[in-house]
Amino acid sequence: MDSSLTRKIEKARNYAQQSDRIQFIKFRAAFRGDNGDHTVTFEAGDWSCSCNYFTTRATCSHTMAMQITLEGMMSARPVAPPPHIPVETAVEAPVLAP
Ligand SMILES: [Zn+2]
């Protein structure tokens, strides 16, 4: 492994310890709830979930769980990604494993 890649890996590990550097702008995640699968989305500071409870209450255990999990990493409003990163890359968050 070349030294440049080794430094990048070290830097990545260091970044991974500093979640305040990361602000999710938009994402869609599959959420495996106790009673079924749901889709949770976040965009421009707004959460949404495909479950029935969210439809009537504008919140649910799935969006709350995501907020707890990603605490401090959610942007309240759209943040422009750095110009060298394509928007599709900058906004995608990993989908939760089923
Ligand atoms: Zn829900």
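Quick look at the numbers
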read-out: Stretch gain in nm, segment Arg28-Ala65, where the contour uses 0.36 nm per residue and the Cα spacing is subtracted; value: 11.9 nm
read-out: Per-pair calculated FRET efficiency, R0 = 41 Å: Ser75 and Asp37 via Cβ, rounded to 0.05; value: 0.95
read-out: Segments 56-62, 10-16 sorted - mean Cβ within 10 Å per residue, highest first; value: 56-62, 10-16
read-out: Distant-in-sequence amide H partners of Cys51 (H built 1.01 Å from N, under 5 Å); value: Thr39
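Values in this text are rule-based calculations from the coordinates and carry no lab data. Just so we're clear, the structure is a prediction, and the values are computed from it rather than from any experiment. A quick note on method: Cβ atoms are made from the backbone with ideal geometry, for glycine too, and the neighbour counts reach across all protein chains shown.
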